[in-house]
Amino acid sequence: MIMADSFITEPGPRRIWAKIDKTLLVIFGILAVLAALDITALGPVIWGTLGSFAHTLPFILFAVLAVAYLKAAGAEQVLARAFEGPQWRMIVLAALLGGLSPFCSCEVIPFVAALLAVGVPLAPVMAFWLASPLMDPAMFAITAGTLGFDFAMGKTLAAVALGILGGAVAMLARNSAVFADPLRAAPQSCSNTSCCSGPKPFTSQPVWRFWQKPERAQTFRATATENLLFLGKWLLLAYLLESLMTRYVPADWIAGLLGGQGVGPILLGALVGAPAYLNGYAAVPLIAGLLEQGMKPGAAMSFVIAGGVSCIPAAVAVWALVKPRVFAAYIGLALSGAVLAGLAWGAIA
């Protein structure tokens, strides 16, 4: 009888498959294929992935601990009040802040996750999300020194303008089927009471010294662990894709596609820049070389804008946070903004 009960409760293939983390499965699958096809590249790709992840880890930890603290303290309402007021003002401020923040397209993801997790409206988050990867003080200095002060200023203005455009679209269409209820389902099961215990959002006064309350301390630990695992696995996949592209996508191939004349290269620059990963700093000398080969300034601008905002590593991380329709809007805004920036810069450069 005991053997029969054990047999009945044995999990079937579907149940086992449901428990497997699909993101980690993809990561190990990619590494297995790489080992089979090019074993000599396995080590460098892994070390490149881990190095990029380690560089981002402080940002991840900050965001994870901040969200856990806010949830454990019951401070969601206080943070929400900081974003009250006219959304137009919030959008402009978020775009300006994003244009000055020193985060690349992947490093900004933990902060966006933190903002969305505590209920910040999507419109200002979208503004910050789009503008942030494109420019920071160090990037401005390198761009100005290599491509000229005018190009650096043009890219900065394009970053802020793209943020405002994205935020405005998200605000005006906030009640549409595209932007309503933007977040994916929480990556947790509420059958585990340790994940679902603690103060409910907007229902209690904040307790800043949450560690004095055992139930709030448990909420802090559960929230921090959950978000760290969630963001960590997706960013590992993002940086693995980055390492593969850096190794296998030749710069000469990109240069050949974008070396033409006319309006076409501006459109192609946005389309190629979107999926082709380019570190913002590494992109500067490449763009300089493309311009020397006769590439149109407008194509260069569309390439750096689209590549910075919607490169595949960043897109994978964005996909993990929001529903497919919001992700599609994000990509559409990035490409549209890149083309508009390229056309504007090509007209005045």
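Using 0.36 nm times the number of residues separating residue 69 and residue 17, minus their current alpha carbon distance, what extension gain do you get? Could the numbers behind the result be given before it?
Working: separation 52, 0.36 × 52 = 18.72 nm, distance 3.36 nm.
Going from the current span to full extension adds 15.4 nm.
Counting Lys +1, Arg +1, Asp -1, Glu -1, what net charge surrounds residue 126 among other residues with beta carbon under 14 Å of its beta carbon?
Computed value for this residue: +3.
All of the numbers you see were taken from the coordinates with simple rules; none came from a lab. Bear in mind that the values here come from a model prediction, so they are computed numbers and not experimental data. As a convention, Cβ positions derive from the backbone with ideal geometry for all residues, glycine included, and neighbour counts pool all protein chains shown.
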